[in-house]
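Structure record follows, encoded as structure tokens.
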Amino acid sequence: MKKKLSGTGLCLLGIFLILLGCITSFELYIKARQEKMNKNVASFILDLYSGNTLSKPAHPEYSAIILKTQSGKVITTDNVLKLFDENMYSSEIYKDKKGNEVYLYAKNPTIGEYMYFFIENPYAFGMLISGFLVFAMGMFLLYTVEEKQVVKTTDDKFVNYIKALRLTLSTSKIIPEESVEKAKGILDDILKKYGGKA
């Protein structure tokens, strides 16, 4: 009973840690993405103030920016001029009253990118992995408890058959023929039950 409670407790704790680990690791993943996009925006602004019309972002795969001024000048990040698939990005357009336009593209998060983040930062998934290990331990405890219960039930049945056989043999002097037949019947039951042939 104690093992069963421990196993159930570990399973529940494991599930809690898995859920908490998923939330925590996803937040770390989103934070890391946001930091990279912020760096891209910061480098674009610095290049803009430096008078450059072409900005080279630190993390070109995460975001792209295009600025069209009222005078018709175009300032952009260099990744726009390379292979650029708009379907992989969510975009926003900002306009002011003077006619300046800013096109901002941010890459959509994907499972593949999330898994790559996992490979690069395994420590961020520590709680998630711990949850899986605790859950596995709980399942192991529950499984061993069930196995023992099955064995105990089987042993109890076997002992009952042996007791019945002993009782039958002890009465063989009083009722010899019936006792022998009864004993044979019990032995047949034991053999059938535990894998032999009658």
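The values are calculated or read from the model by the stated rules, or taken from the named source; none is laboratory data. These numbers were taken from a predicted model, which means no experiment stands behind them. Using ideal geometry, Cβ is built from the backbone for each residue, glycine included, and neighbour counts are taken over all protein chains shown. Areas reflect the complete protein model, heavy atoms only, side chains present, ligands, DNA and RNA absent. Shrake-Rupley method; radii C 1.70, N 1.55, O 1.52, S 1.80 Å.
Computed values, structure above
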| read-out | value |
| --- | --- |
| Number of the exception - residue 51 against (1) on the phi > 0 side of the Ramachandran plot; (2) touching a Lys or Arg at 6+ places or on another chain (Cβ under 6 Å) | (2) |
| Scan of the stretch 29-66 for residues that are open to solvent by 40 Å² or more (accessible area, probe 1.4 Å), of a type in the set (A, V, I, L, M, F, W, C) and under 35 Å from the mean Cα position of the chain (by Cα), ordered by number | 30, 41, 58 |
| Options 135, 140; residue that is at pLDDT 80 or above, aromatic (Phe, Trp, Tyr), within 22 Å of the chain's Cα centre (by Cα) and open to solvent by less than 100 Å² (accessible area, probe 1.4 Å) | 135 |
| Subset of the stretch 91-106 (residues that are open to solvent by 40 Å² or more (accessible area, probe 1.4 Å) and under 18 Å from residue 35 (Cβ atoms)) | 104 |
| Filter result (open to solvent by 80 Å² or more (accessible area, probe 1.4 Å) and in contact with a helix residue (DSSP H, G or I) (Cβ under 8 Å, 6 or more places away or on another chain)) within the stretch 16-28 | 16, 19, 26 |
| Sole exception among (1) of a type outside the set (Asp, Glu); (2) in contact with a strand residue (DSSP E or B) (Cβ under 8 Å, 6 or more places away or on another chain); (3) surrounded by fewer than 15 Cβ atoms within 10 Å (Cβ to Cβ) for residue 72, by number | (2) |
| Residue match in the stretch 107-120 (condition: open to solvent by 70 Å² or more (accessible area, probe 1.4 Å), under 30 Å from residue 17 (Cβ atoms) and among the acidic types (Asp, Glu)) | yes |
